[in-house]
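The values are calculated or read from the model by the stated rules, or taken from the named source; none is laboratory data. These numbers were taken from a predicted model, which means no experiment stands behind them. A quick note on method: Cβ atoms are made from the backbone with ideal geometry, for glycine too, and the neighbour counts reach across all protein chains shown.
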Amino acid sequence: MKLSLVISLQPTSFEALAFKGKKGEWLDPILKKMKELGFEGVELALANPLEINQTRVLKIVNKYGLEVPAIGTGQAYLRDKLSFLNSDEAIRKRAVERIKRDVDFAKLFGGKVIIGLIRGKIGKRLDKAKATNYFVESMKACADYALEKNLNLVIEPINRYETDFINRAEEAIELINLIGVENVRLLLDTFHMNIEETSIEHTLETSKPYLSHVHVADSNRWAPGCGHLDFESIVRTLEKIGYRGYLSAEILPLPDQLQAAQKTTSFFMGISERL
Ligand SMILES: [Mn+2]
């Protein structure tokens, strides 16, 4: 199982990131450390790919021979308030344009583009039917664009405390079928599944035909091994369903950044020795 770590290329209010961007030369030493720890990939989260030096990021990623399995886009919602469910059509269009720029950025690495918090919330202004229409319309536009570039979009169910739209795998799968473009797939995150799903293992099995990316964090969103999820059983289930993608750790930087990253690789190396 290949391991990756989610980091942010820009400063952000989102907490579950081992490392966050800051001014100056910070990316090179972090990727160097990740490579030393045994990560094969780095998942890059950011607010707007047009605000960063993409060539420089590509150069540093290549220098350490890391893959970029996915691009995280939630900061466009948290910072810039863009979403597919905004009742203002102009904002929905800007959200679609932002995802298209994320697709361009992801194309540099061949990674998937994550549809997480950018989907927005139903809230009090919308109902579920209208939200579904808005979401499907925006997703079709983004998926057609990504299909031309041969890239996948992955929808991530997120727990009820962070969003009121798409909390469970079953809901995402229903929408994937409604969107009906072949490059729209599923991302499952063990932290959200622990809150929302009846059984993590059963959900992984029933999601098999759709599953294309996996986020890992323990029950407390610390590094795997620091909470009470049964990762040995989770990894065994992923192997059983033939999942060949990344386990990408989206975790709080606790007890500190370096230890969170270290614990992730040492924990999964221990599991693969035992299985
Ligand atoms: Mn996640």
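Things worth noting here:
- Selection within the range 171-193: residues that are more than 17 Å from LEU147 (Cβ to Cβ) and β-branched (Val, Ile, Thr). The member of this set that is farthest from the ligand (Cβ to nearest atom) is ILE173.
- Tally of residues being surrounded by 18 or more Cβ atoms within 10 Å (Cβ to Cβ) and assigned to a helix (DSSP H, G or I) across the range 167-195: 11
- Residues located in the range 5-58, provided they are of a type outside the set (D, E, K, R), within 16 Å of the ligand (Cβ to nearest atom) and either modelled with pLDDT of 95 or more or assigned to a helix (DSSP H, G or I) (or both): LEU5, VAL6, ILE7, SER8, GLY41, VAL42, LEU44, ALA45, LEU46
- Residues of the range 208-217 classified as more than 13 Å from the ligand (Cβ to nearest atom) and closer than 19 Å to LYS2 by Cβ, total: 3
- Every pair of residues 6+ apart whose Cβ atoms lie under 9 Å, when the first sits in the range 63-75 and is in contact (Cβ under 8 Å) with a residue 60 or more places away in the chain and more than 18 Å from LYS33 (Cα to Cα) while the second is of a type in the set (Val, Ile, Thr) and in a loop (DSSP other than H, G, I, E, B): GLY74/THR12; GLY74/ILE158; GLN75/THR12
- Wholly enclosed helices (runs of 4 or more DSSP H) of the range 69-166 bearing at least 2 residues within 16 Å of the ligand (Cβ to nearest atom): 75-78
- Counting residues in the range 246-259 that are in a helix (DSSP H, G or I) and either buried (at least 20 other Cβ atoms within 10 Å of the Cβ) or among the small types (Gly, Ala, Ser) (or both) gives zero.
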